[in-house]
1. Please state the Cα pair-distance histogram of the range 33-154 with 10 angstrom bins from zero: what percent is in each bin?
2. Based on the mean of other Cβ atoms within 10 Å per residue, sort peptides 63-75, 116-128 so the most packed one is first.
3. Given 0.36 nm per residue, what is the gain on full extension from GLN64 to MET141 after removing their alpha carbon distance, in nm?
4. Roll a 1.4 angstrom probe over the protein heavy atoms and tell me the percent of accessible area of the range 73-154 that is carbon or sulfur.
5. When the Kirkwood hydrodynamic radius is evaluated over all pairs of different C-alpha atoms of the range 98-175, what value in angstrom, to one decimal, is obtained?
6. Using only the Cα atoms of the range 107-152, what are the Rg and Dmax in Å?
7. Compute the accessible area per residue over the range 60-175, keeping the other protein chains in place, probe 1.4 Å, unit Å².
8. Just list whichever of LYS90/LYS143; LYS61/LYS146; LYS90/LYS146 have alpha carbons separated by over 31 Å in the model shown.
Amino acid sequence: EYFFTRIESFDSVTLLPNPRIPEIFLCVFPKIVPRCFQETMATNLIAPIHLSRHVVRSMLKGGQGGSIVNIGSVIGARGHSGQAAYSASKAGLVGLTRSLAHELGPRAIRVNLVEPGYIETDMTAGLSEERRDAILAQISMGKLGKPEEVADVVAFLASPMARYVTGQVIHINSF
């Protein structure tokens, strides 16, 4: 709550990049437990909803509009074995993004979603060699993306160059 109070105290916030949470809770059906699903939803969907709600208040107060960039995952669009909860939480960001784009567009607040594929992170660094090779075999460019490649797209969406871009889902991968 302190964080939300601090956000609302700013005269103007013009950008909120809702982060991608690196943990994937593996919740295999039919053994999935409610706690796994609830924690995944709280982290990947509910937190961006609350952050957006509080930042929008500041954007409206500042009167300049702004940009919200949600960070999802291609797993939200494609699904993946053992990741039903994670996939559902990231897919929920599509509906959130598009609904907020409709609602907030008239107030000059743009809302977009980027969905990275496999990116070089601590999470992918922990993959077994066999799993990494299997992933690379599915990627047309034969390599993982870099965090700065995701950051470049987020920076574009946050910039004036994207002033007419809202409600979009942009995949960042080479599938």
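The values are calculated or read from the model by the stated rules, or taken from the named source; none is laboratory data. Fair warning: this is a prediction, and the values are worked out from it, not measured in the lab. Heads up, the Cβs are rebuilt from the backbone with ideal geometry, glycines too, and the neighbour counts pull from every protein chain shown. Protein only, heavy atoms only, side chains kept; ligands, DNA and RNA dropped before computing areas. Shrake-Rupley method; radii C 1.70, N 1.55, O 1.52, S 1.80 Å.
1. 12, 35, 33, 15, 4, 0
2. 63-75, 116-128
3. 23.7 nm
4. 52
5. 14.1
6. In Å, with Rg to one decimal and Dmax whole: 14.0, 49.
7. 51
8. Violating the 31 Å Cα-Cα cut-off are LYS61/LYS146.
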